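Notes follow once the structure below has been shown.
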Amino acid sequence: MSSPTPRRVVWALLLAPLALAGDALQQSAGKYQVTLRLPSGGLYAQEEMQIEFRVADTSRPDPLSGFAPVVRLAPEAGIDMPEMPGMPRFTETAHAEGTPGDYGIHPTFAHGGEFRLRLAFQPPEGERVAVEFALHVLDPDKAAHPKPLAPRFRMEVSAEPRKPRAGEPVQLRLEVRDRDNANAVVTAFEPVHEALMHLVVVRRDLSHFAHEHPVVDANGTFRLSYTFASGGDYRLFADVAPQGAGAQILAAKLTVSGSEAAGFDIRKAWSQGAPRVREAGECRVELVSPQDSLPVRKTVPVIVEIKDARTGLPVSDLEPYVGAPGHLMLVHEDGSTFVHSHPDGSAGAAGGTLRFLARFPEPGLYRGWVQFQRGGRVITADFLMRAGADR
């Protein structure tokens, strides 16, 4: 048998220094276009960074996003320093973000300097594609975190009636506004796991949780009819992707009048020993990992195993729920810090195991809700986790 012909790699090259760390950089290789998104505050050494990139097919125009996203890739990311060839190259595993065609990596740079990021992937058809970007990384002692930039997008929430009451239906209106477009209402969105908006409703004390999917009209207004079970201060977290901007987490507050049910004391619950196994929907849901405190501002796996409560065997019949095998939503004890994660795809839902990648931005206690679908029914199980040193 003859040896296979080596595949030629299509390269696009960018070696100019970055002008602004937050700029979206773009390269093309053949019919594929790769757009890089860097943190608005720049890249820093000795701290995990989040770098996102989008892959689009320029031969397939898309009326929503310009070009059709390329999904189900397994991109490879390698980082080195061209001016220091002796420095070992390190690799990062890219994972899919919620928006189709968006991927992310979480590298940690040992020191500052001029780095090179190489992204390579095998498209569904054609030759292997690779592109390069230059990365300017600041030393930690020179990169005292600047005052964070105001978010580009914000969410406005109004209710009808204006003063919602517990136990009575309320019509919620949610509008996303764009600072870079004179605060105009955004009208074009890309799906995030098959929904244009994932809305998580949580009471301030974390006693109440709901995951909803409002419907958007032609004017960009999302609408949802909802009944709050009890009064209190609520936080509304929206996972939404304005066209071309990637997934955004937007938050708003809403006060509901009426009787307040017994609250939830997360500190007390943690001190009494947070259970790692929950029974829900004829399933036994176990938080397998992490076992102990989680690192702060570093992406770590959160692994959940799901077994049939009657047989004790791992479930093998999980169904996709809004485009994912499962969802993990976490809210910090401050009621304001929100994390939405999906299985990373390395384990999928095989054998009833869901492996999420989550980044805990603040130290302290989190209440998390795992959701998955079985037999046409959405099942929710909650857990407590702690990140960093207890405060």
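Each value in this text was obtained by applying a stated rule to the coordinates, not by laboratory testing. As the structure is a computational prediction, the values presented were derived from the model and not from experiment. Ideal geometry is used to build each Cβ from the backbone, glycine not excepted, and the neighbour counts take in all protein chains shown.
Efficiency by 1/(1 + (r/R0)^6): what FRET value for Ser59 and Arg128, r their Cβ-Cβ distance, R0 = 25 Å, to the nearest 0.05?
Plugging the Cβ-Cβ distance into 1/(1 + (r/R0)^6) gives 0.90.
Using only Cα atoms, locate the centre of segment 265-284 and the centre of segment 225-257, then give the distance between them in Å, rounded to an integer.
Measuring centre to centre over Cα atoms gives 25 Å.
Would you pull out the residues with amide H under 5 Å of Asp308's amide H, same chain only if 5 or more places away, H placed 1.01 Å from N?
Arg284, Leu313, Val315
How are the alpha carbon pair distances in segment 186-294 distributed across 10 Å bins from zero to the largest one, expressed in percent?
All Cα pairs considered, the percentages come to 12, 31, 33, 21, 4.
Of the listed values [x] 0.98; [y] 1.04; [z] 1.01, identify the label whose number matches Rg/Rh (Cα atoms, Kirkwood Rh) calculated from this model.
Structure-derived value, by its label: [x].
Above 24 angstrom, tally the Cα pairs of segment 89-188 and express them as a % of all pairs, no decimals.
Percentage above 24 Å: 58.
Assuming 0.36 nm per residue, please report the length gained on full extension of the stretch Ser316 to Glu47 beyond their Cα-Cα distance.
93.0 nm
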